[in-house]
Amino acid sequence: MATWKEVLLDGGGGGGGTTTATPTATFPATAQAGASMSGTIDNHISSATYVGKVFNSSGTEQSVTVTIDSSGNISTTAPTTVATGYELRIFCADVGELRSNTVTKTFSVTAATTFSIWRLQGVDSSGNNSNQRFALVELEYYPNTNAGGTHEPNGNATSNTSISGVTISAGHTYSSYSPWKAFDGTTGANAGSMWWSLNATANNNWIQLEFASAKNFQSVKLHLYGGFSDATYFKILGSNDGGTNFVTALDTTAIVDSGNATVITHNF
């Protein structure tokens, strides 16, 4: 990737015109991974050109686009790596003047927990997609940690689209063990009311909820039918672009099988 070199040109003393005023900007101090970020150039000059780029704390340019429109509105996407010390750097080049000093706005990226699509993906101990079968009696997402609050989806499904504002789907389903059966309100050791991914391949061993609007969750609870489930690890992935790109909200430790009725809760 090309290195962005900052060069300050001094308009005084050399007879080369004046230097554009350094931009001042309002920009968030934190954002979730992959989330949209917006701000404003406070002393925006309508005739000027603004250039913005994002760097990490080591000074490496990030592969995100910064757009500054004709009204001084800043828009970009937060990097997908959780870290502190990211920098949005902006300079201005006004017509007939030398470019300004650079304004730097520092921000942090936190783990993403607000998505319109929430996907559970089977993985192995290295985090790679795995085909180990899931027998998922019920899957519940909660707004608070430790399964606190009212879980989503809030209703007992009778089909993949029976709950208003929610579409349920899976990459693979064995026989009649449909995805919606993991959201029908049934818990305990009930093999007749579960989503089962027997014979799944690694890349289609997932089940997901797509909400009409983005939802923020802080924990997830799985009810497994242990006798039919071999999965030992899973990830929770999220997307806000219709499933084109996903970021990891949760990368779990091992599933502990305690018999046919296994209940697991994880916080994001």
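The values are calculated or read from the model by the stated rules, or taken from the named source; none is laboratory data. All values derive from a computational prediction rather than experimental measurement. Note that we place each Cβ from the backbone using ideal geometry, even for glycine, and neighbour counts take in every protein chain shown. In case anyone asks, the SASA skips ligands and DNA or RNA and just uses the protein heavy atoms, side chains included. Shrake-Rupley method; radii C 1.70, N 1.55, O 1.52, S 1.80 Å.
Data table
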read-out	value
Semi-axes of the equivalent ellipsoid for the chain, Cα gyration tensor, largest first, Å	49, 17, 14
Neighbour net charge for residue 48 - beta-carbon separation under 14 angstrom, K R +1, D E -1	-3
The chain, accessible surface, carbon-and-sulfur percent (1.4 angstrom probe)	45 percent
Zone of residue 42's modelled label, taken as backbone nitrogen in segment 55-97 under 14 Å from a point 7 Å along Cα→Cβ	none
Loop GluC sites (Glu not before Pro), segment 51-122, which have at most 12 other Cβ atoms in a 10 Å radius of their Cβ (DSSP)	none
Karplus-derived HN-Hα couplings along segment 191-202 (A = 6.51, B = -1.76, C = 1.60, θ = phi - 60°), whole Hz, x at Gly and Pro	5, x, 10, 8, 8, 10, 10, 4, 6, 5, 8, 4
Largest-first principal axis extents, alpha carbons of segment 115-177, Å	32, 31, 21
Solution diffusion estimate, µm²/s, Stokes-Einstein, segment 87-155, Kirkwood Rh from C-alpha pairs, 20 °C, viscosity 1.002 mPa s	122 µm²/s
Paired Rg and Dmax values of segment 74-220, which use every Cα atom, in angstrom	21.3, 75
Values of log10 I(q)/I(0), in the order q = 0.14, 0.17, 0.22, 0.25 Å⁻¹, for segment 169-260 under a Debye, Cα-only, solvent-free model	-0.56, -0.84, -1.42, -1.65
Relative contact order of segment 111-268, pairs being alpha-carbon contacts under 8 Å that are 6 or more residues apart, as %	36 percent
Residue-normalised accessible area of the chain, expressed per residue, 1.4 Å probe, Å²	46 Å²
